[in-house]
Amino acid sequence: MPRILIIDDERPIRNTLRDIFEYEKFDVDDVADGIEGIELVKNNEYDVILCDIKMPKMDGLEVLSVITELTDTPVIMVSGHGNIDTAVEAIKHGAYDYISKPPDLNRLLVTLRNATDRSRLVTETKTLKKKLEVKFKMIGESKPMQDIKEMIARVAPTNARVLITGPNGSGKELVARAIHENSPRQAMPFIDVNCAAIPSELIESQLFGHEKGSFTSAIKQRKGDFELANGGTIFLDEIGDMSMSAQAKVLRVLQENKLTRVGGEKELSVDVRVIAATNKDLSQEILKGNFREDLYHRLSVILIKVPPLASRLDDIPELAQHFMESALQEMGRPNIQFLPEAIDELQKLPWSGNIRELRNVIERLIILCDKEITSDDVKRYASPLN
């Protein structure tokens with residue numbers, strides 16, 4: 001049930017609004033002045049706040065200024081003494097909307113519902129962002145990880161292209177996202193393209209888009225990933241698996257910052273930072289004729305090598321704890337404890353699948369074990385291929 005706070009010094013107005021809102025299934029609090037309202041905002045969460053402008057003790061615009069510093073909750077200003085200038089001033093101070101007294105009931109309810117929808121979306125966005133921050137958090141304080149974090153800190157503020165190398169499951173995407181999130185482009189799109197997962201005949205359409213009718217299934221125009229990433233970052237994962245024809249087009253984008261959709265003639269300008277990753281030795285792929293040397297040199301302005309998990313065993317205790325907490329939250333399970341002997345056993349494993357394998361093992365142990373995870377549990381469940 002959406003929760004509303006009414007701040008108004010006129011009791012009849014407060015009572016009327018309370019009756020209306022409670023009939024519309026809102027949970028309502030009301031106070032007679034701004035000081036009381038601010039205290040409630042400090043100690044409670046509201047979906048919408050209605051605030052009068054002309055009040056004793058503290059003016060409504062002053063209350064608005066304080067509330068907007070405390071919370072992102074939409075504030076609707078109401079007044080029986082206002083005019084256009086007052087409304088403009090309220091909006092400048094951060095009000096969601098301005099309504100004159102006596103309020104038009106239909107407009108008030110529509111504004112209220114729009115404000116509650118906005119409040120819900122803001123909350124959902126924050127929740128999703130927190131989940132993503134946890135999901136893509138870089139864990140570990142080993143020397144290799146410290147070196148990578150230092151490199152990210154130096155590279156992120158620039159527009160330099162980055163080539164990330166490392167074995168499968170080692171965390172190359174995490175490095176790419178960390179660069180984007182710490183760059184001036186962080187508010188713009190981050191487009192992740194797995195070049196190995198897209199058929200060679202479709203990769204150009206995926207990256208550069210296509211015009212309607214350019215091939216049999218092109219029933220409408222489509223923007224490519226480079227266009228969608230405009231202003232932000234495109235991450236070309238497993239670029240070593242990209243076809244030679246697609247490599248040539250990527251090279252042109254890097255050289256000229258321009259592209260042409262499949263079946264199109266018009267050149268489109270794009271402003272995109274390119275980060276690429278591969279688990280292959282591109283120098284060997286160049287010798288075999290599978291990768292363009294000029295593209296390699298365009299991409300590898302900055303080279304970041306992500307080590308396998310076997311080279312950073314000191315990070316396993318922290319990684320195991322992180323994956324356990326995430327998995328328990330997703331499963332809704334009670335807390336489970338790793339015994340020190342279990343961590344020691346995890347550090348003895350070869351980890352050919354790297355971070356991805358460790359995460360899967362932790363989830364498996366959580367599902368199959370009870371309150372404690374022992375070294376015997378690790379021996380029994382951690383290596384299903386043995």
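The values are calculated or read from the model by the stated rules, or taken from the named source; none is laboratory data. A quick note: this is a predicted structure, and the numbers were derived from the prediction, not measured. Heads up, the Cβs are rebuilt from the backbone with ideal geometry, glycines too, and the neighbour counts pull from every protein chain shown.
General observations
- Count of segment 260-295 residues which are of a type outside the set (Lys, Arg), closer than 30 Å to Gly171 by Cα and under 29 Å from the mean Cα position of the chain (by Cα): 9
- Evaluated against (1) part of a helix (DSSP H, G or I); (2) modelled with pLDDT under 95; (3) surrounded by fewer than 20 Cβ atoms within 10 Å (Cβ to Cβ); (4) touching a helix residue (DSSP H, G or I) at 6+ places or on another chain (Cβ under 8 Å), Arg298 falls short on exactly one condition, (2).
- Failed item, numbered, when Asp376 is tested on (1) under 22 Å from Ser142 (Cβ atoms); (2) assigned to a helix (DSSP H, G or I): (1)
- Being under 18 Å from His180 (Cα atoms) and part of a helix (DSSP H, G or I) is a description that applies to Phe226.
- Residue among Ala310, Ala320 that alone is of a type outside the set (D, E, K, R), in a helix (DSSP H, G or I) and under 25 Å from the mean Cα position of the chain (by Cα): Ala320
- Odd one out for Ile275, checked against (1) out of contact with any Ser or Thr (no Cβ under 7 Å at 6 or more places or on another chain); (2) outside any loop (DSSP other than H, G, I, E, B); (3) buried (at least 19 other Cβ atoms within 10 Å of the Cβ): (1)
- Members of segment 185-222 found to be over 22 Å from the mean Cα position of the chain (by Cα), not polar (S, T, N, Q) and not in a loop (DSSP other than H, G, I, E, B), listed by number: Ala196, Ala197, Ile203, Glu204, Phe208, Gly209, His210, Arg222
- Identity of the residue in segment 199-220, at pLDDT 90 or above and either farther than 12 Å from Thr260 by Cα or outside the structural domain of Val270 (by TED's automatic domain parsing) (or both), that ends up surrounded by the most Cβ atoms within 10 Å (Cβ to Cβ): Ile203
- If you go through segment 169-204 and pick out every residue that is within 17 Å of Asp237 (Cα to Cα) and touching a Lys or Arg at 6+ places or on another chain (Cβ under 7 Å), you end up with 3.
- When residues in segment 29-86 are screened for being assigned to a loop (DSSP other than H, G, I, E, B) and not charged (D, E, K, R), 14 of them pass.
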